[in-house]
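The values are calculated or read from the model by the stated rules, or taken from the named source; none is laboratory data. What you see is a predicted model; the values in this text were computed from it and never measured. Note that we place each Cβ from the backbone using ideal geometry, even for glycine, and neighbour counts take in every protein chain shown.
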Ligand code: AMP
């Protein structure tokens, strides 16, 4: 059996999930809550294949409701920071029939609900009980035993167009990825993982939460996490590891001037993933935490992890994302032919954690597979020992602290402003975020940068709103007349 409900592998009385200053739930209780969620959902008509959207900040609900929804149907977790327009798109795109929301909260998602959707409010109360409105008492006994091939989770990835691609992750994909992560970091029931990445993304959900459950350890889920709160929480829960993208790591580093401060006593390692970790940051982190910092490489289509640097005595190299972790990795040419060590090409992956294909998107599928390799859109090189270095991206994405943003989506929003004739968004380097969103626009009347940012804020979540909008006479074009985002960025920033 390889479904997500079978991943709760801790001893009944061990703590599976803990909120600092809040509830602690044992494995028995989490199992009961997941089963209860599944039964209540089934009693409300949630059937296999149905899409259950949910928009929760990090919380026990984000985990329990995900597992419950995935047990009887397909969970579609969404970023609660989306605007109403974004929610409307995701509800329509996933074909969501049900929506789970925290009671009385999440106005943007609530306003976006369309008449054919059913809104369910659910929370876990302070005494650890599930409260679900419209749920009555469960009358149907859901099988809660989905097939390995069933889609547990649907997420989106930004593509080259403004329309994100739908990624269906099957139970078997998630189970394989979790097993790879547990094996690679030798996770056990003694591990305590501090989950500071969002649970509506594979990084937080699969690496921090599900992998810990599968090893019988404890996941600590701070509510409303901010890097400022890291050290007090670390002192309280003494994690054995935690994973984040480089931006939170940098902010956490800045919040303590001492090496090995209280809270680091039980750490075994720290993991960095989802964006490039600068070797200098890695060195500072190793000094501060006093443990190995292991950079990993993940993507939604691979149910998260593809490679990672190993624990000692294995070698870890700054600037490398390590070796394949239960995943075959090759650097390939456009036809999917493997290149020799040292050559630069596109990173291709194969493995049971990798999606069979995007949903309802033959074009993307044709472009994403070659010679049975899934093409990641990342450019890299392998050394003779199988260590991968990422050198750049073939796909046009802006990576803001691990959040991927499709520039085309920003162009389209800007171009909806009545004064904007043409818009081109691009990433610019940023010391903490890695990259930040900027855009160049051509306008045909009086309008300011602030006006355009306010316009963007109406439809785009805050992290996508360009921090700089350059008003230009013409969009710079390459000598062959093409609009290339990198070239636009160079030209605009030079002025
Ligand atoms: P996502 O689907 O949001 O997890 O994004 C996946 C993408 O994040 C990858 O295809 C890479 O472009 C990028 N990424 C993930 N891990 C790293 C890393 N360690 N270094 C550089 N880029 C990374």
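The residue list 295, 301, 359 contains one member that is in a helix (DSSP H, G or I), touching a residue at least 24 places away in the same chain (Cβ under 8 Å) and under 20 Å from the mean Cα position of the chain (by Cα), which is 301. In the range 280-298, the qualifying residues are those that are farther than 17 Å from residue 434 by Cα and buried (at least 23 other Cβ atoms within 10 Å of the Cβ), and the one that is nearest to the ligand (Cβ to nearest atom) is 294.
The residues in the range 174-230 that are part of a helix (DSSP H, G or I) and either touching a helix residue (DSSP H, G or I) at 6+ places or on another chain (Cβ under 6 Å) or within 16 Å of residue 271 (Cβ to Cβ) (or both) can be counted, and the count is 23.
Condition check ((1) under 21 Å from residue 321 (Cα atoms); (2) more than 10 Å from the ligand (Cβ to nearest atom)) across all residues:
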site: 245; (1), (2): yes, no
site: 258; (1), (2): no, yes
site: 264; (1), (2): no, yes
site: 278; (1), (2): yes, yes
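For every residue, the table says whether it meets (1) buried (at least 19 other Cβ atoms within 10 Å of the Cβ); (2) in contact (Cβ under 8 Å) with a residue 24 or more places away in the chain; (3) within 12 Å of the ligand (Cβ to nearest atom).
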| position | (1), (2), (3) |
| --- | --- |
| 364 | yes, yes, no |
| 380 | yes, yes, yes |
| 398 | yes, yes, yes |
| 417 | no, yes, no |
| 445 | no, yes, no |
| 448 | no, no, no |
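Going through 389, 408 one at a time, which residue ends up being in contact (Cβ under 8 Å) with a residue 24 or more places away in the chain and away from the ligand (no atom under 14 Å from the Cβ)? The match here is 408. When only residues in the range 419-434 that are free of Cβ contacts under 8 Å to residues at least 40 places away in the same chain and within 16 Å of the ligand (Cβ to nearest atom) count, which is nearest to residue 248 (Cα to Cα)? Here the residue is 430.
Residues of the range 172-186 that are in contact (Cβ under 8 Å) with a residue 40 or more places away in the chain, out of contact with any strand residue (DSSP E or B) (no Cβ under 6 Å at 6 or more places or on another chain) and either within 22 Å of residue 60 (Cβ to Cβ) or more than 16 Å from the ligand (Cβ to nearest atom) (or both): 172, 175, 176, 178, 179, 183, 186.
Just one of 413, 483, 441, 437 is part of a loop (DSSP other than H, G, I, E, B) and either more than 27 Å from the chain's Cα centre (by Cα) or under 30 Å from residue 106 (Cβ atoms) (or both); which is it?
Working: 413 fails: part of a loop (DSSP other than H, G, I, E, B); 441 fails: part of a loop (DSSP other than H, G, I, E, B); 437 fails: part of a loop (DSSP other than H, G, I, E, B).
Only one candidate qualifies: 483.
The residues on offer are 404, 421, 464, and the sole one that is in contact with a strand residue (DSSP E or B) (Cβ under 6 Å, 6 or more places away or on another chain) and under 26 Å from residue 109 (Cβ atoms) is 464. Out of the residues in the range 216-238 meeting the condition of being under 21 Å from the mean Cα position of the chain (by Cα) and buried (at least 19 other Cβ atoms within 10 Å of the Cβ), tell me which one is farthest from residue 59 (Cα to Cα). Applying the filter and picking the extreme gives 230. Residues of the range 106-121 that are within 13 Å of residue 80 (Cα to Cα), touching a strand residue (DSSP E or B) at 6+ places or on another chain (Cβ under 9 Å) and surrounded by fewer than 18 Cβ atoms within 10 Å (Cβ to Cβ): 110 alone. Check 4, 15 and return the single one that is modelled with pLDDT under 95, in contact with a strand residue (DSSP E or B) (Cβ under 8 Å, 6 or more places away or on another chain) and farther than 22 Å from residue 403 by Cβ. Selected residue: 4, the only one of 4, 15 that is modelled with pLDDT under 95, in contact with a strand residue (DSSP E or B) (Cβ under 8 Å, 6 or more places away or on another chain) and farther than 22 Å from residue 403 by Cβ. Residues of the range 364-409 that are modelled with pLDDT under 95, in a loop (DSSP other than H, G, I, E, B) and over 19 Å from the mean Cα position of the chain (by Cα): 394 alone.
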